[in-house]
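Okay, structure first, notes after.
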Amino acid sequence: MDFTQGLKCRECAREYPGEALNVCDYCFGPLEVIYDYSTIAEVISRDRIAQGPLSIWRYKDLLPADSTDPVDINAGYTPLLKARNLGKKLGLRNLYIKNDSVNPSFSFKDRVVSVAATKAVEFGFDTLACASTGNLACSVAAHAARAGIRSVVFIPSDLERGKVIGAAVYGPTMVSVEGNYDEVNRLCSEVADNYHWAFVNINMRPYYAEGSKTLGYEVAEQLGWRLPDHVVIPSASGAMFTKIWKGFNELACLGLLEGVASASFGPDQNTVHHPAVVTRMHLTQAAGCSPIVTAWNSGQTHVLPVRPNTVAKSLAIGNPADGIYALRVLKVSEGTAYAVPEPDVAEGIKLLAETEGIFTETAGGVVISGLKHLAESGAIKPDDLAVAYITGNGLKTLEVVSDTVNPLRIKPSMRAFEAALKEHNQRAAGNGGSL
Amino acid sequence: MGKQRVKLTFVGNLVKDPVIYQLGRDFKIVTNIRRADVQEDMGWVMLELDGEDAEIRRGLAWVRTTGVRVDLVSGDVIEG
Ligand SMILES: Cc1ncc(COP(=O)(O)O)c(C=O)c1O
Ligand SMILES: [Zn+2]
């Protein structure tokens with residue numbers, strides 16, 4: 001069973017049954033899942049969560065799907081690592097990395113898709129679908145395989161080979177669309193209107209997006225049911241950013257956090273803010289697609305769409321569905337928003353790999369360069385507890401850091417090896433290091 | 001006949017242009033505003049268009065030539 005009570009429009013508060021719907025018929029506002037929190041409060045406890053599976057489904061009471069038999073390839077429960085080396089470099093003594101690059105299909109999308117797929121099966125859909133430039137396609141195809149249903153994934157025809165293979169291997173029906181970003185967008189929205197399929201981020205979006213709350217729950221649980229002082233998050237649609245905040249506030253209101261008294265959720269579940277939640281939410285985007293950052297910096301309450309042109313393809317959403325809600329979270333959490341210069345994206349990837357042994361894709365490069373900026377500007381103080389969310393795996397965007405390949409080339413003899421090593425060490429010593 | 005939901009975004013002087021009025025006058029399209037936020041130098045309007053599919057396509061192509069942006073009401077659906 002689940003504890004949902006249907007859907008509600010975020011803009012006009014009209015209520016809808018819990019069906020495969022995402023837009024309000026009256027005002028075209030987004031629909032959100034409504035929960036029966038008073039019943040949840042009666043059953044949920046830290047012990048009950050601890051006894052659950054080592055996946056996002058340990059938080060089943062707070063997910064909008066019947067969890068008796070979820071479509072689960074083990075998304076979530078990923079490591080939270082103390083980052084001593086990176087912390088030292090940045091002057092931060094309490095820095096943690098939430099390493100979500102080790103999910104089954106190698107990105108955080110497994111969290112949202114696991115919820116959407118479970119709901120799709122519950123609704124009786126026989127096809128799971130999406131439009132994607134990478135991570136989402138992989139996750140949708142993988143979960144459909146697990147559920148034993150068909151998947152259809154739309155990709156732009158110029159998508160990199162590695163990403164295409166990463167999704168194709170799961171056996172989806174793959175549709176490669178010859179068209180620009182806007183045209184692919186429009187086509188997929190039209191297909192979604194005309195086919196009775198579960199499009200994870202269209203008609204399933206209210207359920208899908210809730211999966212990102214688990215990124216908030218897990219960090220709190222892994223810190224001993226405490227919240228960090230700061231979180232640094234990569235944003236595309238802005239959904240994950242708003243849902244991590246929602247997750248923190250749900251835990252607080254339900255009395256699950258250490259030393260925090262439970263509180264009522266009030267009339268609007270989506271804007272609830274428990275006064276004990278003082279985590280500052282830092283949003284990062286790459287400069288080549290940063291509509292939310294631009295809106296925040298110019299004090300706007302709405303987000304002007306842009307045409308994406310960034311190396312961080314996983315964050316390339318020009319017209320972000322949750323942009324205005326992300327702006328509101330920035331405001332209430334006294335957060336910041338930063339657009340990482342394009343060349344710094346690859347630098348961020350290298351910095352994390354060289355200091356912590358974690359290889360992330362471009363979205364993680366954005367986060368690490370954003371984190372560096374926050375540390376240098378003093379927004380994060382040396383003793384503050386900060387968590388950087390690393391949401392995707394470096395093997396997905398190898399081309400961005402191909403300049404790191406620079407081996408010592410030698411003939412197969414000891415002499416050649418020793419000569420090359422000596423020269424290398426001399427050069428390294430000149431640069432302030434050695435082998 | 002069909003219905004289509006779109007979000008139009010206006011920046012700068014375009015805010016003052018009667019684009020939606022002209023869309024209804026010059027094309028066989030009924031326009032119905034559902035929600036809007038228009039400020040001095042920028043604004044957006046959520047609109048339902050009712051008409052033949054081909055006519056709506058022509059109408060929106062014209063809107064784009066004015067410099068007004070046409071987007072999906074639910075945000076971009078192609079994700080990373
Ligand atoms: C690796 C990665 N991180 C972050 C995001 C951003 O998520 P959201 O659209 O919820 O802002 C995406 C995809 O959109 C992604 O693929
Ligand atoms: Zn509404």
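Would you mind counting up the charge near A:L95? Only other residues with Cβ under 12 Å from its Cβ, with Lys and Arg at +1 and Asp and Glu at -1. If you can, show how the numbers build up before the last one.
Numbers: positive: A:K82, A:R84, A:K88, A:K89, A:R93, A:K98, A:K372, A:K381; negative: A:D229, A:E356, A:D383, A:D384.
Local net charge: +4.
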> Tally Lys/Arg at +1 and Asp/Glu at -1 over every other residue whose Cβ is under 13 Å from the Cβ of A:L187; what's the total?
Replying inline: -4
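Residue by residue through A:314-322, how many Cβ atoms from other chains fall within 10 Å of the Cβ on average?
For this peptide, the per-residue mean of nearby foreign Cβ atoms is 4.
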>> Can you give the Rg/Rh ratio of the range B:2-73, where Rg is from the C-alpha atoms and Rh is the Kirkwood radius?
In response: 0.93
> For the cross-link pairs A:K109/A:K350; A:K82/A:K163; A:K119/A:K213; A:K331/B:K16; A:K82/A:K243, which exceed 19 Å when the distance is taken from alpha carbon to alpha carbon?
Replying inline: A:K109/A:K350; A:K82/A:K163; A:K331/B:K16; A:K82/A:K243
> What does the average come to when, for each residue of peptide A:373-381, you count the partner chain Cβ atoms lying within 10 Å of its Cβ?
Replying inline: 0
> Comparing A:E418, A:E42, A:E376, which has the greatest mean-square fluctuation in the GNM of chain A with Cα pairs linked when under 10 Å apart?
Replying inline: A:E418
>> I'd like the mean, over residues of B:67-74, of how many other protein chain beta carbons sit within 10 Å of each residue's own Cβ.
In response: 6
> At a probe size of 1.4 Å, how large is the accessible area of A:R150, to the nearest 10 Å²?
Replying inline: 110
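Counting other Cβ atoms within 10 Å, keep those with at most 13, restrict to DSSP loop, and tell me which trypsin sites (Lys or Arg not before Pro) in the range A:370-435 are left.
Working: sites: A:K372, A:K396, A:R409, A:R415, A:K422, A:R427; in loops: A:R409.
Here the trypsin sites (Lys or Arg not before Pro) that fit, given the DSSP loop and packing criteria, are A:R409.
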>> If you wrap a convex hull around the alpha carbons of the protein assembly as shown, what volume per residue comes out, as a whole number of Å³?
In response: 165
> With the dipole of chain A worked out from charges on the C-beta (+1 for Lys and Arg, -1 for Asp and Glu) around the Cα centre, which of A:A326, A:M204, A:N309 lies farthest toward the positive end?
Replying inline: A:N309
> Sorted by packing (mean other beta-carbon atoms within 10 Å per residue), highest first, where do A:169-175, A:400-406 land?
Replying inline: A:169-175, A:400-406
> If you place +1 on the Cβ of every Lys and Arg, -1 on the Cβ of every Asp and Glu, and leave all else neutral, what size is the dipole of the range A:12-52 about its Cα centre, to the nearest 20 Debye?
Replying inline: 160
> Heavy-atom accessible area of A:I317 with all protein chains present, probe 1.4 Å, nearest 10 Å²?
Replying inline: 0
> How much of B:D50 can a 1.4 Å solvent probe reach, expressed as accessible area in Å² and rounded to 10?
Replying inline: 50
> Hey, got the dipole for the protein assembly as shown? About the Cα centre, +1 on K and R Cβ, -1 on D and E Cβ, debye to the nearest 20?
Replying inline: 1220
>> Could you compute the net charge surrounding B:D53? Neighbours are other residues with a C-beta less than 13 Å from the C-beta of B:D53; K and R count +1, D and E count -1.
In response: 0
> Using alpha-carbon positions, what is the distance between the centroids of the range A:269-284 and the range A:17-47, in Å?
Replying inline: 19
> By accessible area of protein heavy atoms, probe 1.4 Å, what ranking do A:R205, B:R34 get, highest first?
Replying inline: B:R34, A:R205
> Of all DSSP beta bridges in chain A, what percent run antiparallel (nearest 5)?
Replying inline: 30
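The values are calculated or read from the model by the stated rules, or taken from the named source; none is laboratory data. Fair warning: this is a prediction, and the values are worked out from it, not measured in the lab. Don't worry about glycine lacking a Cβ; one is built from the backbone with ideal geometry, like all the others, and counts go over all protein chains shown. SASA here: full protein model, heavy atoms, side chains in, ligands and nucleic acids out. Shrake-Rupley method; radii C 1.70, N 1.55, O 1.52, S 1.80 Å.
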